[in-house]
Amino acid sequence: MTFSEPSTPLPSTNSLLNSLKSCIHCGFCLPVCPTYKVTGSEVESPRGRLYLLKHMLQDAKNESDEPNEHLQPKQIEPHLSQCLGCLACETACPSGVPYGDILHQSQKMFLTQKNPFIRHLKRFFFQTVLPNSNLLQFGAFWLRLYQKAGLQRLVRFSNVLSLLPLIQHYEALIPPIPQHKPFNIGMSFGNPEHERVALFTGCIMDVMYNSVHWATIKALVNNGYYVTLPEQTCCGALAYHGGEDDIAKKLARKNVLSILRSQPDWVITNSAGCGSTLKDYTKLLANDGIYAEKSRLFSEKTVDIMALLAKKPLKPCRLPIPQTVAYHAACHLHHAQGIINEPENVLHQIEGLTLLPLKDAAFCCGSAGIYNLEHPELSNDILAEKIRHIEATQAQTLVTGNPGCLLQITKGLQENANPMRIAHPIELVAESYSK
Amino acid sequence: MGHRFVLDGPEELIAYECDACLLIKNAPEIVVLPKTTQEVSQVVSFCHTHKIPFTARGAGTGLSGGALPLKGGVLISLNRMDQILEIDTENHTATVEVGVVNAHLNQALEATGLFYAPDPSSQSACTLGGNIAENAGGIHCIKYGVTTDHILALEVVLPDGKITRLGGKTRSSHGLNLIGLLVGSEGTLGIITQATVQLTPKPTEIRAYLATFSTIESAGNAVSQIIASGLIPSALEFMDAFTVKAVNQAYDIGFPEDSEAVLLIELDGTLHVVLDQEDRLMAILSENNAQQTRSAQTAEDRQAIWAARKGAVAAYGRFQPAFYLHDTVIPRSELTSVLKKILAIGKKHQILIGNVFHAGDGNLHPNILFDPDDADMLQRILKGGEEILDVCLQAGGVLSGEHGIGIEKSKYMSRLFSEADLNKMKQIKAAFDPQQLSNPLKIFPIRAGCGETHLSISNPLLTTGGAWI
Ligand SMILES: Cc1cc2nc3c(=O)[nH]c(=O)nc-3n(C[C@H](O)[C@H](O)[C@H](O)COP(=O)(O)OP(=O)(O)OC[C@H]3O[C@@H](n4cnc5c(N)ncnc54)[C@H](O)[C@@H]3O)c2cc1C
Ligand code: SF4
Ligand code: SF4
């Protein structure tokens, strides 16, 4: 079977080289890079990755030298593919290297290096499965049944999966699928006279953490916002991070049009990954006719739930929450969106709640989209670091604002049989408004 | 050691072909990432038996090409040896593996009321092993001393693979001071694997100030007067207007941009002492026509100032892709005249030069910014670099205050040392490493025609103006 390559325009070598030149090789980014930390190898560090990319592009321009000695894309692609995209290096870099942009450009460049079968499978998943909430809910229904009806226990007990090691591996990664309390597009909550927010529900968030949406709505309404649920689709993060810009663009256009139509003052996300992608629509659609201006407007209105609540003092809470809480800063909030103190500033206002410091709070947990599926070993090593620090806090509850992190940390704590509670910070805010 | 920790793919080796000095490159033939002293010893023994050169590397933040394997061979990267083995709050010592990052040690010390004083600007990334090998200095070294003043004991893998321990938890003065010899030896006398370092109690009161000046002279005079008055600030740093601009772009710090020079000053001690010093400092600053003086209001403000100062050199990357810097120490009385000459050289050759340095120590860091792909500019910066070095040496300066000689400054060694002095040093090197395997071709000038032809001649620093290759 052969596949034709979907065409993605290649980034210009010159502009990429120019961005790469801003790296002066100081090494300040090394200690914050999770893959460098667990491998010890500079090839798996931001500086190493940038250096190799630059080397490769310069080699390609230098036709005069010996082409046999040129670095080839296939030598470099594996090291870039092992990058989490956590952007901790961008935060640490005094030279302002646009690492995220460089990574994205290089991913587009390396698409042709990928196994075409896997690539097409992924594209199918990105454009047909994720944006289709009915299909997702349908899948979730069967998985839930598989887990609840004791079938999972039976399958695991009978050990039939050991015959199919790959499937066994992925089966183990499937988290328990919670009950889903559906809401319909077009629903609204609160007083229509109040500031109007459109809730962006996302695909995975909606299946796995639908309860977080309800908590978000409750917290917003209690704080004087009018919440609407306009027509929308998947944000396109996975396609975008995978360099499949054509798919990401289609989804972006849909979201921009239909959500803006609801005339929101704010577009709210409770998923760090979705939020940072929605904000990147400006870049993604920058040269896309009428969408250029609309996406700018859209991205300006997009705000994470905790950042919105941090803008004003919380409306008086009714219930104290006497818990010790540690906050894990999701990369896509902390590094990608620069939302650093807001979540803790909000939590701080809840009576009885004690925040405990988490060492290296903004060090990635190893989830990173589908990274944990693609690079399970590295992902687990990174997770182990994270869990070590989380356990050292001895907090009762660990909070974090991203579904990928919630899933990954849940898995890590479960493996250690640690009963610590894991929640989205907005859930604690919502709980403080319960009767 | 496990296959995972041995790297030999062509692209993997390329990632190790240079440190933070982008002027000279040479890739190793293999990279090993040991986790224990025993593993280091096994690798070094193997090299000894088979006469293979080896070079130590920490975080590769060095600025003089120290960690690049000029003769190829084995690169021993020590960053995985990153355990803090003991913090002894009674004796004020810490024992660490050499791969521990400088700043991580200080983070671990936070609750103890103690700190490890030498704080190179690269401390968020560089390793203690690299600090020891380069005898690193930093912002607070004017008061607290440089690395060598804080090393009590070392564990070393000698160039034949044997493991030895020197020193203990207290200072001693019997026998030759081998620790003193190893600190600053740039990896040429063996590989350091562990160290016991001296910790310092944190002062109870710390205050930081910023003063701006309309001329370089007035800032330079203020520095001289501060030191002459007997004040010992815990930091005294200089930034020129260009550096202020770069730092403001990189950090949300808002240093005033309307002046020619900025001094950052810190006083510490007991409240009583600091208040007294503050009065004297303010008098000196106003006497030298400081335009504005501000003080950091909170500990966070103070930390933000120092973080911005420490990021200054890397922030130059916003203007040009590489920097080439000298690291001379001159008598403080010469500060103003040397700085003015440096700026004139910059103008003459049309090169961007940023000045940010440890003024209190007279440790200048003229950073020449350039684009390695621009051949013409490369020639100009090398020419300008030579002239700057001449000016500094004529003013009684030395080659390196804290970054080491490595390969980048080795050809200038014969300008400071006589043949006889260099020979004595070489004899010491030979006593440790008769086969010349440990970080070969470093520190000492490479003689022309001595058979090192495999060195890429595109290394401009090795070839410009001089009898050395
Ligand atoms: C932006 C910037 C700012 C800087 N500011 C300062 C400053 O303020 N003060 C200062 O002193 N330096 C400064 N430096 C230089 C550099 O950070 C220091 O020299 C640092 O000590 C190097 O540490 P490293 O771990 O990166 O060592 P590397 O660069 O990896 O190695 C440096 C040398 O040490 C040797 N070495 C490393 N580890 C060992 C070991 N375990 N045993 C034996 N030899 C070893 C190497 O062979 C090499 O010769 C700065 C660098 C940069 C990029
Ligand atoms: S911190 Fe920035 S400039 Fe320095 S090595 Fe990393 S990416 Fe390059
Ligand atoms: S994005 Fe994260 S994993 Fe990738 S190089 Fe930067 S710090 Fe490392």
The protein assembly as shown - Kirkwood radius from inverse mean 1/r over Cα pairs (Å): 29.8
For B:Leu114, distant residues with modelled amide H under 5 Å away: B:Lys202
Stretch in chain A that is longest and holds no GluC sites (Glu not before Pro) that DSSP places in a loop and that have at most 10 other beta carbons within 10 Å: A:194-435
Computed helical MRE - 222 nm, chain B, DSSP H runs ≥ 4 contributing -39500 (n - 2.57), nearest 500: -9500 deg cm²/dmol
Net charge of neighbours whose Cβ lies under 9 Å from the Cβ of B:His358, counting Lys and Arg as +1 and Asp and Glu as -1: -3
Neighbouring partner chain Cβ atoms per residue of B:60-71, average, 10 Å criterion: 1
Exercise: per-residue mean of other protein chain Cβ atoms within 10 Å, A:18-24: 5
Estimated dipole of segment B:297-406 in Debye, rounded to 20 [Cβ of Lys and Arg +1, of Asp and Glu -1, Cα centre]: 320
Fraction of antiparallel bridges per DSSP, the protein assembly as shown only, in percent to nearest 5: 65
Degrees between helix B:37-50 axis and first principal axis of chain B (Cα, 0 to 90, nearest 10): 50
Residue-count net charge about B:Arg309 - beta-carbon cut-off 12 Å; Lys, Arg +1, Asp, Glu -1: -1
Quarter of Cα convex hull surface for segment A:346-435, i.e. mean projection, nm²: 6.1
Using θ = phi - 60° and Karplus 6.51 cos²θ - 1.76 cosθ + 1.60, couplings along segment A:184-197 (whole Hz; Gly, Pro as x): 9, 4, x, 5, 8, 9, x, 8, x, 6, 7, 4, 9, 10
With eigenvalues of the C-alpha gyration tensor scaled by 5 and rooted, chain A, Å: 35, 26, 24
Using θ = phi - 60° and Karplus 6.51 cos²θ - 1.76 cosθ + 1.60, couplings along segment B:231-248 (whole Hz; Gly, Pro as x): 5, 10, x, 7, 7, 8, 10, 10, 9, 8, 4, 5, 5, 4, 5, 4, 5, 4
Cys with no candidate disulfide partner in chain A (beta-carbon separation under 4.7 Å rule): A:Cys23, A:Cys26, A:Cys33, A:Cys83, A:Cys93, A:Cys317, A:Cys365, A:Cys405
In segment A:268-340, trypsin sites (Lys or Arg not before Pro) in a DSSP loop with at most 13 other beta-carbon atoms within 10 Å: A:Lys311, A:Arg318
Sites excluded, chymotrypsin sites (Phe, Trp or Tyr not before Pro) in DSSP loops with at most 16 other C-beta within 10 Å, longest stretch of chain A: A:184-435
Surrounding net charge for A:His25, when Lys and Arg each add one and Asp and Glu each subtract one, Cβ distance under 15 Å: +1
Which of B:Gly65, A:Pro264, B:Ile345, positive extreme of dipole for the protein assembly as shown (C-beta unit charges): A:Pro264
Percentage, to the nearest whole number, of Cα pairs in chain B over 39 Å apart: 21
Charge dipole of chain A about the Cα centre (unit charges at C-beta), most positive-ward option of A:His194, A:Gly369, A:Asn402: A:His194
Trypsin sites (Lys or Arg not before Pro) within segment B:1-93: DSSP coil, no more than 11 neighbouring Cβ in 10 Å: B:Lys51
Assigned charges on the beta-carbon of Lys, Arg, Asp, Glu; the protein assembly as shown dipole about Cα centre (debye): 1900
Kirkwood hydrodynamic radius of segment A:188-309, Cα pairs, Å: 14.3
Given charges at beta-carbon only (K, R positive; D, E negative), |dipole| of chain A in Debye: 1140
Over segment B:320-394, volume per residue of the alpha carbon convex hull, in Å³: 70
Rel. contact order, % - alpha carbon contacts under 8 angstrom, at least six apart, segment A:22-140: 25
Average partner coverage of A:52-58, which counts Cβ from other chains inside 10 Å: 2
For chain A, calculated [θ]222 nm from helices alone, where every DSSP H run of n ≥ 4 adds -39500 (n - 2.57): -15000 deg cm²/dmol
Residues whose placed amide H lies under 5 Å from that of B:Asp88, excluding near-sequence neighbours: B:Thr93, B:Ala94, B:Thr95
Loop sites in segment B:3-58: GluC sites (Glu not before Pro), DSSP, at most 15 other Cβ within 10 Å: B:Glu29
Sequence-separation-based contact order of segment B:327-397, relative, with Cα cut under 8 Å and 6+ spacing, percent: 42
0 to 90° range, to nearest 10: angle between helix B:299-310 axis and chain B longest Cα axis: 60
FRET efficiency, B:Thr112 to B:Met425 (Cβ-Cβ, R0 25 Å, nearest 0.05): 0.05
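Each value in this text was obtained by applying a stated rule to the coordinates, not by laboratory testing. A quick note: this is a predicted structure, and the numbers were derived from the prediction, not measured. In this analysis, Cβ positions are derived from the backbone assuming ideal geometry, glycine residues included, and neighbour counts consider all displayed protein chains.
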